[in-house]
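Working notes, beginning with the structure itself.
All of the numbers you see were taken from the coordinates with simple rules; none came from a lab. The structure presented is a predicted model; accordingly, all values stated were derived computationally and were not measured. We place every Cβ from the backbone using ideal geometry, glycine too, and count neighbours over all the protein chains shown.
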Amino acid sequence: MRVVYTPAALRDLDEIADWLAIHYPTIAPSVEQRIRSVIAHIGRWPESARRSLKRPDARVVPVGRYPYKIFYRVVADTVEILHVHHAAQRPWDEEP
């Protein structure tokens, strides 16, 4: 399945990369690789993640050992990455 990113998701990824480069430069490549790996998994099995409780058109998947969650939706034959959030932030699907 084709994977596309919203402008908000691309901003999230840039902010994550910038923050990690400053605060944790040695693990930044591992985090970025894990996020790419999870997104590739989403592209292969888009229905495998749980649905968002507050946004029924979206799904959410944790990034595993790193504290990030990826929010996405499936539209026809495309996976649209909506946001990538740090788990300590107020969840995107709980925002007004």
Original post:
Within region 1-44, how many residues are loosely packed, with under 12 Cβ neighbours inside 10 Å, outside any helix (DSSP H, G or I) and either at positive phi or without any contact (Cβ under 8 Å) to a residue 12 or more places away in the chain (or both)?
Top reply: 3
**OP:** Read through the list (1) in contact with a helix residue (DSSP H, G or I) (Cβ under 8 Å, 6 or more places away or on another chain); (2) free of Cβ contacts under 8 Å to residues at least 24 places away in the same chain; (3) more than 21 Å from Trp19 (Cβ to Cβ); (4) not charged (D, E, K, R), then give the number of the only condition that Pro56 fails.
**Re:** (1)
Subject >> Residues being among the hydrophobic types (A, V, I, L, M, F, W, C), outside any loop (DSSP other than H, G, I, E, B) and within 8 Å of the chain's Cα centre (by Cα) - total across region 61-81 >> reply: 4
